[in-house]
Amino acid sequence: MSRSVVVIGGGLIELSAALHLRRADAGVRVTVLERAHVGAAASGASAAGVRVMGRDPAERALALESLKRWPDLDRELEGRTGYRRGGGLRVALDDDEWRQVPRTVAEQRADGVPLELVDAATARRLAPGLAPDCRGAVHCPIDGQAEALATVRAFAAAARRAGARLEEGVDAGALVAEGGRLVAVVGKDGQRRPCDVAIVAAGSWSGPLLATVGVKLPLRGRPLQILLTDSAPPALASVLGCFGRPLSLKQLADGAYLIGGGWPARIVDEAANRWEVLDDSVRGSLDVARSVFPPLIERTLARSWAGIEAFTPDDLPVLGPVSGTNGLLVAAGFSGHGFALVPAVGDILARLALDLDPLRHLWSGLGARFPS
Ligand SMILES: Cc1cc2nc3c(=O)[nH]c(=O)nc-3n(C[C@H](O)[C@H](O)[C@H](O)COP(=O)(O)OP(=O)(O)OC[C@H]3O[C@@H](n4cnc5c(N)ncnc54)[C@H](O)[C@@H]3O)c2cc1C
């Protein structure tokens, strides 16, 4: 009989897993349970940066593999992600920061991350309008950006087309294990969905679900804030960051600037995915962005929002099978940088669920962190 997999959560990691499952085995029955609507949490709120620069060594292979997939994703998904490879540019604005840059570049290059050190004149050519005190920058030509909601829609449509069943408005309440094997997922509506494999990737809300079978994960939900300005003529092709200052700045296709960098919002009700934007973070975020890219002084704020993201104590995700419960897989704790990893992580989860070669070389750095 064909295998049945229940994927809990309708974020990008889950949609990618569902799509890869159906592609790898047309016989497998795949059901995605999403308590609200697809993209309701971190995936829909994301700044959608697609970068390998600046990642922890344990994540680099995974990110490099994912970045290979992004340029072809629109064709693969028969949809539009808004992906654009404009490069990443991380600038140094003082001598101390600039002196430390060569060491971090050498270390990343050794792992295959194609970084180049550029002087201030080249940095300004890549990002006209950069602050005059720019000492130089690190450029990563394979970094880029996409659009969060467009990407969610493209993955959801592709997963449906491939034959996955997406059930929105269904809150998974508990996992059921018998004799060391996962056998079902029970919804808060009381409906029991038998399965051979359950993939728990419910972002910040994965912890309570896993606790129903006695698995503890040290996840903490943190709300990250994003600002969007009014539109301006095209000026910035790269995704801009800055050493020593929290910034991720990109210009979107319609000319608006998207400003992130890990600025916190406030959680109002975590269980209900409710947050509020903090004025202090708005001011701090705008100040940093304008200090690095002064043309933003002319722009006005159009919108702000936040998304609750699951963080682990070391900011690295937990990915893989849970020992002691056959058929239970986890992918959670992406700590603010899971968007770029979506193609590779979905592929790995599908392979693990189907007992295929799980591409362990890509995530071996995370191997000591399997949940237990
Ligand atoms: C503001 C912000 C900016 C970001 N910027 C970047 C970036 O530039 N680059 C990058 O690489 N990453 C970025 N990230 C991180 C990235 O977006 C996330 O790591 C990624 O989207 C996580 O996807 P997910 O599917 O694991 O989680 P989520 O998208 O949070 O999805 C989890 C889903 O599970 C559902 N759910 C929860 N509990 C249940 C339940 N019991 N039953 C059914 N459904 C349930 C939720 O409603 C939700 O839709 C950012 C995140 C935020 C919040």
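Any read-out appearing in this document is the output of simple, stated calculations on the displayed coordinates, not a laboratory observation. Quick caveat, the model's predicted, so the values are computed rather than measured. No Cβ is skipped: glycine too gets one built from the backbone with ideal geometry, and neighbour counts run over all protein chains shown.
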If each residue's Cβ is checked for other Cβ atoms within 10 Å, how do SER323, SER304 rank with the fewest at the top? SER323, SER304
Please list, ordered by chain and number, the residues whose modelled amide H lies under 5 Å from the amide H of CYS242; skip anything fewer than 5 residues away on the same chain. VAL91, LEU247
Binned Cα-Cα distances of the chain, short to long, each 10 Å bin given as a whole percent: 5, 25, 33, 23, 11, 3, 0
Relative to the longest principal axis of the chain, what angle (0 to 90°, nearest 10) does the C-alpha long axis of helix 342-353 take? 20 degrees
Please give the length that would be gained between ARG283 and ALA174 if that part of the chain were fully extended, namely 0.36 nm times their separation in residues minus their C-alpha to C-alpha distance (nm, one decimal). 35.1 nm
Diffing the range 9-22: the Karplus 3J(HN,Hα) column from phi (6.51, -1.76, 1.60, θ = phi - 60°), in whole Hz with x for Gly and Pro, holds x, x, x, 5, 4, 5, 5, 5, 4, 4, 4, 5, 4, 5
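Across the range 56-115, how large is the tail of the calculated P(r) beyond 18 Å, expressed as a percent of all Cα pairs?
52 percent
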Using each residue's phi in the range 246-263, evaluate 6.51 cos²θ - 1.76 cosθ + 1.60 at θ = phi - 60° and report the 3J(HN,Hα) Karplus result to the nearest Hz, with x for Gly and Pro. x, 8, 9, 10, 9, 9, 8, 4, 8, x, 6, 9, 9, 10, x, x, x, 5
Order of PHE339, PHE311, PHE155 under a 10 Å beta carbon neighbour criterion, fewest first: PHE311, PHE339, PHE155
Taking the 0 to 90 degree range and rounding to the nearest ten, how far is the long axis of helix 279-292 tilted relative to the main principal axis of the chain, both from C-alpha atoms? 50 degrees
Run the paramagnetic zone check for ASP56: 7 angstrom along Cα to Cβ, then residues of the range 247-290 with backbone nitrogen under 18 Å. 262
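Roughly speaking, what is the stretch gain from ASP72 to ALA36, that is 0.36 nm per residue apart minus the C-alpha to C-alpha distance, in nm to one decimal? Write down the numbers at each step before the final one.
Values: separation 36, 0.36 × 36 = 12.96 nm, distance 2.94 nm.
Result: 10.0 nm gained on full extension.
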The long-range amide H neighbours of ARG274, using H built 1.01 Å from N in the peptide plane and a cut-off of under 5 Å, are VAL268, ASP269
Gyration tensor (Cα only) of the range 74-223 to equivalent ellipsoid, semi-axes in Å sorted down, yields 45, 21, 14
What is the set of long-range amide H partners of ARG181 at a cut-off below 5 Å, with H atoms built 1.01 Å from backbone N? ASN326
Karplus 3J(HN,Hα) series, Hz, for the range 202-219 with 6.51 cos²θ - 1.76 cosθ + 1.60 (x for Gly, Pro): 8, x, 5, 9, 6, x, x, 5, 5, 4, 5, 10, x, 9, 10, 10, x, 9
For the pair ARG220 and SER364, how long in nm is the line joining their label points, each one 7 Å along Cα→Cβ? 3.2 nm
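What ranking do THR122, THR300 get, fewest neighbouring Cβ atoms within 10 angstrom at the top? Working shown, then result.
Working: THR122 15, THR300 7.
So the ranking, lowest neighbour count to highest, is THR300, THR122.
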